[in-house]
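For reference, the structure is listed below as structure tokens.
Readers should treat all values here as calculations from the given coordinates under stated rules, not as data from a laboratory. For clarity, every value in this text was computed on a predicted model and none was experimentally measured. Here the Cβ positions follow ideal geometry from the backbone for every residue, glycine too, while neighbour counts run over all protein chains shown.
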Amino acid sequence: EGEQPKYRRVLLKLSGEALAGNQGYGIDPEVLSAIAAEVKEVVNLGIQLALVIGGGNIFRGVAAASKGMDRASADYMGMLATVMNSLALQDAMEQAGVVTRVLSAIEMREVAEPYIRRRAMRHLEKGRVVIFGAGTGNPYFTTDTAASLRAMEINAEIILKATKVDGIYSADPAKNKDAVKFISLTYLDVLKKGLQVMDATATSLCMDNDLPIMVFNLTVPGNIKRAIMGENIGTIVKG
Ligand code: UDP
């Protein structure tokens, strides 16, 4: 009620698994439309939103490489998986009436625009939701690193990292009853404690450029908006 959002330009990182819903694999259309509805709500507040989506619900490079596949080839497959997820999200958002553009780090002009930084900025300024597909375009990286990189490139104020838990814990809360939740952590805490929130590459990139990350639970309806309004609904990682 008259409340102003804390952030104006935000990068939302969704894991591929988030799209799988309870089936644990592939893409659940109900999850897609729930995300689209929440995105619509924040876009209507005038928030500029960019998305990076993972691919773990379809294909993971490291997992395939551990079974003997060439790592770089496997990673390219993983990046293609993120493009599939991007198209699925785009479709759901457009059905909800949200204008979106998919920008791919790997050129495939029939399917998505190529990633051009200035074009991404222009889309955001026009209120279009930008979905960054194909990660960084390079093997040996993750979509968390892609999220950090793109967030910096577009001058996002924060990375909102959506997960299935409501923040960063001292241990896996699903396996350990004594796990405690952190309200706030420094980048160095995350790196030193070896907390599995984000890989070290992504975390250090954020550290070097002072970009805060908020880890929160996507499965609670309304959480994207709460995070954007500035409520600490999970764990915040900063300097
Ligand atoms: N990937 C890559 N380079 C990137 C981003 C992703 O090679 O810049 C590949 C990598 O194989 C990874 C897969 O894409 O396993 C899916 O991304 P990720 O595991 O980050 O997805 P998430 O865990 O968020 O679902």
>> Which of the three applies to the chain, rounded, prolate or oblate, going by the alpha-carbon gyration tensor with a ≥ b ≥ c and a/c under 1.5 meaning rounded?
In response: rounded
> Which trypsin sites (Lys or Arg not before Pro) in segment 58-104 pass both tests, a DSSP loop state and at most 15 other beta-carbon atoms within 10 Å?
Replying inline: Lys67
> When the chain is fully extended, how far beyond the present Cα-Cα distance does Tyr140 get from Ser73, taking 0.36 nm per residue of separation?
Replying inline: 23.1 nm
> If you add up the charges near Gly230, with Lys and Arg at +1 and Asp and Glu at -1, over every other residue whose beta carbon is less than 13 angstrom from its beta carbon, what do you get?
Replying inline: +1
>> Test of understanding: ordering Ser184, Ser15 by Cβ neighbours within 10 Å, fewest first, what list do you get?
In response: Ser184, Ser15
>> What is the distance in Å between the Cα centroid of segment 169-235 and that of segment 16-37?
In response: 21
> Most fluctuating residue of Pro212, Pro173, Pro29 in a GNM of the chain with Cα springs under 10 Å: which is it?
Replying inline: Pro173
>> Tell me whether segment 93-133 comes out rounded, prolate or oblate; compute the Cα gyration tensor, take square roots of the eigenvalues as a ≥ b ≥ c, and use a/c under 1.5 as the rounded threshold.
In response: oblate
> Among Leu80, Leu19, Leu45, which one moves the most in a GNM of the chain with springs linking Cα atoms closer than 10 Å?
Replying inline: Leu45
> Among bridges DSSP assigns within segment 119-239, what percent are antiparallel (round to 5)?
Replying inline: 40
>> Could you check the spin-label model distance between Asn44 and Thr201? Points 7 Å from the Cα along Cα→Cβ, value in nm.
In response: 3.9
>> Under the 0.36 nm per residue contour assumption, what length would be gained going from the current alpha-carbon distance of Ser66 and Ile183 to full extension?
In response: 38.6 nm
> How much length, in nm to one decimal, is gained on full extension between Asp91 and Asn232, taken as 0.36 nm per residue of separation minus their Cα-Cα distance?
Replying inline: 47.7 nm
> Quick one: Kirkwood hydrodynamic radius for segment 144-225, alpha-carbon pairs, angstrom, one decimal?
Replying inline: 13.3
> What Kirkwood radius, in Å to one decimal, follows from the Cα pairs of segment 54-176?
Replying inline: 15.6
> Anyone know which of Gly68, Gly167, Gly97 comes out most mobile in the 10 Å Cα GNM of the chain?
Replying inline: Gly68
>> Taking the number of other C-beta atoms within 10 Å as the exposure measure, put Val99, Val52, Val197, Val10 in order starting with the fewest.
In response: Val99, Val197, Val10, Val52
>> Quick check: pseudo-label points 7 Å beyond the Cα along Cα→Cβ at Gln4 and Glu157, how many nm apart are they?
In response: 0.9
> Of the beta bridges DSSP finds with both residues in the chain, what % are antiparallel, to the nearest 5?
Replying inline: 15
> Sorting Asp144, Asp199, Asp210 on the 10 Å Cβ count, fewest up front, what's the list?
Replying inline: Asp210, Asp199, Asp144
